[in-house]
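> Quick one: this structure, given as structure tokens, is what I'll be asking you about.
Read-outs throughout are calculated quantities, based only on the coordinates presented, and are distinct from any laboratory measurement. As the structure is a prediction and not an experimental result, all values here were calculated from the model. When we count neighbours, we look across all protein chains shown, and the Cβ atoms used for this are built from the backbone with ideal geometry, even at glycine.
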Amino acid sequence: MDGATRLVYAVGGDGPPLVLVHGLGGTIENWRSLAPALTRRHRVLVPDLPGHGRSAPLSEARDVDALAVAVFAIADAEEIGHAVWVGHSLGGVVALRAAVRRPEAVRGVVLAASAGIGSTSRAAQVTLTLLGVTKPGRLIAPHRQAWSRSRLGRRTAFGWWGVADPDGLEPEMAEAFLVGPAHHTDTNQAGRALVVTDPRPELDRIICPCLCLWGASDNWVRLEDGMEYARRLRAPLRTIAGCGHLLIGERPDACLVAIQDFVARLDEG
């Protein structure tokens with residue numbers, strides 16, 4: 001990273017540090033239900049990834065390592081080291097690459113419905129290309145309040161792929177997931193980086209403890225991927241029943257308990 005890229009982030013709280021990394025097409029807002037609760041016990045850093053939200057894209061991002069380096073630049077500026085990284089979807093791959101690149105700076109990793117295993121498939125490449133070209137989120141973003149407060153709107157926006165129960169998704173959280181496209185500058189850059197980054201060959205280099213956290217009804221990144229991550233990382237797999245891919249917003253209560261339990265075990269060790 002050359003230092004010329006404008007990166008936006010939020011930071012707050014006191015205690016052992018956490019870094020929360022959102023997924024492809026997400027923003028800081030995705031952590032709206034989790035971050036405030038975590039700041040009661042932790043110093044929490046939440047970045048907008050390059051090209052997402054109000055962060056500018058990188059001059060170049062050949063793979064996900066470039067995104068990890070960008071987050072490290074923020075963490076270093078805030079003097080946040082030896083942190084637990086919690087990554088959702090694409091953010092999980094960012095956290096894994098961070099743990100490989102700078103193991104001394106990553107105390108633990110929570111993979112929340114992490115991408116990476118199926119992301120390099122031809123089907124994933126086609127899907128991400130189509131979404132990158134059509135940008136359906138930009139059509140919804142100007143009307144996100146109406147969509148988020150409507151059951152039909154939540155079913156249309158999040159049904160099948162996003163959450164297991166769109167009717168039960170809190171309207172405020174639905175709006176938080178829909179706000180990103182109104183501000184994104186270049187999410188295609190991160191999408192291209194994702195499809196060329198297969199984290200599996202170097203998972204054996206990860207020495208910190210890990211937790212795999214998955215929605216049992218995730219139709220976007222299947223539970224089988226969580227099982228494979230858990231096997232390769234020799235990590236526990238914790239599933240949330242009746243929960244889809246956007247687990248950090250659909251079941252923030254269960255995610256909070258899982259993250260706090262994981263950190264508590266690190267503290268005990």
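> Restricting to the stretch 43-74, count the residues that are part of a helix (DSSP H, G or I) and out of contact with any strand residue (DSSP E or B) (no Cβ under 6 Å at 6 or more places or on another chain).
Restricting attention to the stretch 43-74, the residues satisfying the condition of being part of a helix (DSSP H, G or I) are 65-74.
Retained after the next criterion (residues that are out of contact with any strand residue (DSSP E or B) (no Cβ under 6 Å at 6 or more places or on another chain)): 65-70, 72-73.
Of the residues in that region, 8 qualify.
> While we're on this one: Run G226 past the list (1) crowded, with 24+ Cβ neighbours inside 10 Å; (2) part of a loop (DSSP other than H, G, I, E, B) and report the number of the one that doesn't hold.
Just one mismatch for G226, condition (2).
> Write out, first by first residue and then by second, each pair whose Cβ atoms fall under 9 Å of each other, whose residues are 6+ apart or on separate chains, and whose first residue, in the stretch 170-184, is under 17 Å from D253 (Cβ atoms) while the second is surrounded by fewer than 23 Cβ atoms within 10 Å (Cβ to Cβ) and aromatic (F, W, Y).
What qualifies is A174/W147.
> From the residues in the stretch 67-97 that are more than 15 Å from the chain's Cα centre (by Cα) and without any contact (Cβ under 8 Å) to a residue 60 or more places away in the chain, which one is nearest to A10 (Cα to Cα)?
A75
> Consider S89 carefully, then state whether it is closer than 21 Å to T187 by Cα, buried (at least 24 other Cβ atoms within 10 Å of the Cβ), out of contact with any Pro (no Cβ under 9 Å at 6 or more places or on another chain) and among the hydroxyl-bearing types (S, T, Y).
On the way: closer than 21 Å to T187 by Cα: yes; buried (at least 24 other Cβ atoms within 10 Å of the Cβ): yes; out of contact with any Pro (no Cβ under 9 Å at 6 or more places or on another chain): yes; among the hydroxyl-bearing types (S, T, Y): yes.
Yes; evaluated as a whole, the condition is true for this residue.
> Okay, moving on. Just the residues that are of a type in the set (G, A, S) and either more than 16 Å from A193 (Cα to Cα) or in contact with a Cys (Cβ under 6 Å, 6 or more places away or on another chain) (or both), please, taken from the stretch 44-63.
Initially, the stretch 44-63 is screened for residues of a type in the set (G, A, S), giving 51, 53, 55-56, 59, 61.
Of everything in the stretch 44-63, those that are of a type in the set (G, A, S) and either more than 16 Å from A193 (Cα to Cα) or in contact with a Cys (Cβ under 6 Å, 6 or more places away or on another chain) (or both) turn out to be G53, S55.
> May I pose another question? Condition (residue is crowded, with 21+ Cβ neighbours inside 10 Å and over 21 Å from L24 (Cβ atoms)) applied to the stretch 187-208: is it met by at least one residue?
Looking for residues that are crowded, with 21+ Cβ neighbours inside 10 Å and over 21 Å from L24 (Cβ atoms), one finds at least one in the stretch 187-208, hence yes.
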